[in-house]
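Since every read-out is calculated from the coordinates, none of them should be taken as a lab result. Quantities reported herein were computed from a predicted structural model and do not represent experimental measurements. Glycine gets a Cβ as well: all are built from the backbone with ideal geometry, and neighbour counts include every protein chain shown.
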Amino acid sequence: MTRRVGRPIATDRAAVARTALALFEERGYDSVSMADIAEAAGVGRRSLFRHARSKADLVWDGAGPAADEMGSRLRCAPAGVPMLVAYREAFVGAMESAAVDLVATRSRLRLIVRHAELRAAAPQHLAETAEVLCGFVEDRRPELAGTVGLQVVAEALGAASFAALRWWATAPDERGERSLREAVEEALEALAVLCGPASAS
């Protein structure tokens, strides 16, 4: 008796997410179902749901590795470097590292900007980033520990960098390809009055 060969089991969630992003770009986010993604990725629906519970999970895939990379860089930042400079270098360095696919990130951000469902999922998927930021602010400003001020500064850093990412991914620019670093620098300059200088000079 010949044994039936089933579909290959996907073990790389990032690859499944890239397949989903390609479908969203081609057909539109609302027109793609989880069944469509499973078929395109060559996996069964049950296997797909082990990777992600929803389309939003696949769009937001990558937030965790980016937070891990940023956290590692923040922990290694020299103590004498101003807080915003340390954050800028850690954030940009993480986004430009091998841990983050910038092409996929740009695609994800464009989808997030266009769809309220994806924007509503931000707190859930950025929880790890928020935790990293709170730890960083507490390390740099220990007098804020246990205060609402710590939460304000951490959330301001997160909001500024996410705004910079959205601008980088979606805003037209007559110069052509925009610099992520420039976008982050501009966003953090807006916080300088609250958090200290955004440049070493």
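See the values below:
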| read-out | value |
| --- | --- |
| For L109: the one exception among (1) assigned to a helix (DSSP H, G or I); (2) farther than 30 Å from D30 by Cβ | (2) |
| Qualifying helices (runs of 4 or more DSSP H) (wholly inside the range 123-190; at least 2 residues being crowded, with 17+ Cβ neighbours inside 10 Å and over 18 Å from the mean Cα position of the chain (by Cα)) | 127-140, 148-170 |
| Any helices (runs of 4 or more DSSP H) falling wholly within the range 38-93 and containing at least 1 residues that are within 16 Å of the chain's Cα centre (by Cα) | 55-59, 63-76 |
| Qualifying residue in the range 92-105 (condition: hydroxyl-bearing (S, T, Y), within 19 Å of A14 (Cα to Cα) and surrounded by 14 or more Cβ atoms within 10 Å (Cβ to Cβ)) | yes |
| Residue among E128, E69 that alone is touching a residue at least 40 places away in the same chain (Cβ under 8 Å), under 22 Å from A14 (Cβ atoms) and of a type outside the set (G, A, S) | E128 |
